[in-house]
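As structure tokens, the structure follows; a few thoughts come after it.
No lab work stands behind these numbers, since they all come straight from the coordinates. As the structure is a computational prediction, the values presented were derived from the model and not from experiment. Backbone-built Cβ (ideal geometry, glycine too); neighbour counts: all protein chains shown.
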Amino acid sequence: MVLQPEEWVRQHCVRYLTTYKKYPKSLINVEKEIKINGLKKRYDIVIFNPDGSILLIVECKAPSIKITQSTFDQIARYNLQLNATYLMVTNGINHYYCQLDINKNCFNFLKDIPTFTRCN
């Protein structure tokens, strides 16, 4: 099986999250359908907290795709439904981490996402 570019990014991102950030595979969900304003959409990666709430949403793009404002708008729309603490956007080359400040309607960019702890 030949990996499509976006799938390559997704698989490497999952490996990064499990190997370097220590998130258990049991808390990671990949490519699931959600409904947003009645439309079917698919998120790339979601990491749950042990209590079932959502810690992180990851939007993966192919390496040839430039990360733009529309990419952040897409993940922000997903977050309106999922209500994650952190958002990550990656094309395998550039990685952006942020929290959405709903009150100010802006992204607070971070240097990284936290490593897994039982207290997340």
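How do 43, 20 rank when sorted from fewest to most other Cβ atoms within 10 Å of their own Cβ?
Details: 43 24, 20 9.
So the ranking, lowest neighbour count to highest, is 20, 43.
What is the extension gain from residue 20 to residue 42, computed as 0.36 nm multiplied by their sequence separation minus the C-alpha to C-alpha distance, in nm to one decimal? List each step's numbers first, then the result.
Numbers: separation 22, 0.36 × 22 = 7.92 nm, distance 2.52 nm.
So the extension gain works out to 5.4 nm.
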Suppose only helical runs count, i.e. DSSP H with n ≥ 4. What mean residue ellipticity at 222 nm does that imply for the chain under -39500 (n - 2.57) per run, divided by all residues and rounded to the nearest 500 deg cm²/dmol?
-8000 deg cm²/dmol
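Run the dipole for the chain about the Cα centre, Lys and Arg Cβ at +1, Asp and Glu Cβ at -1, nothing else charged, and hand back the magnitude in debye, nearest 20.
Charge dipole, the chain, about its Cα centre: 100 debye, nearest 20.
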Amide H within-cut-off set for residue 86, under 5 Å, with H built and near neighbours excluded:
56, 57
By the scheme Lys and Arg +1, Asp and Glu -1, what is the net charge of all other residues having a beta-carbon under 15 Å from that of residue 77?
0
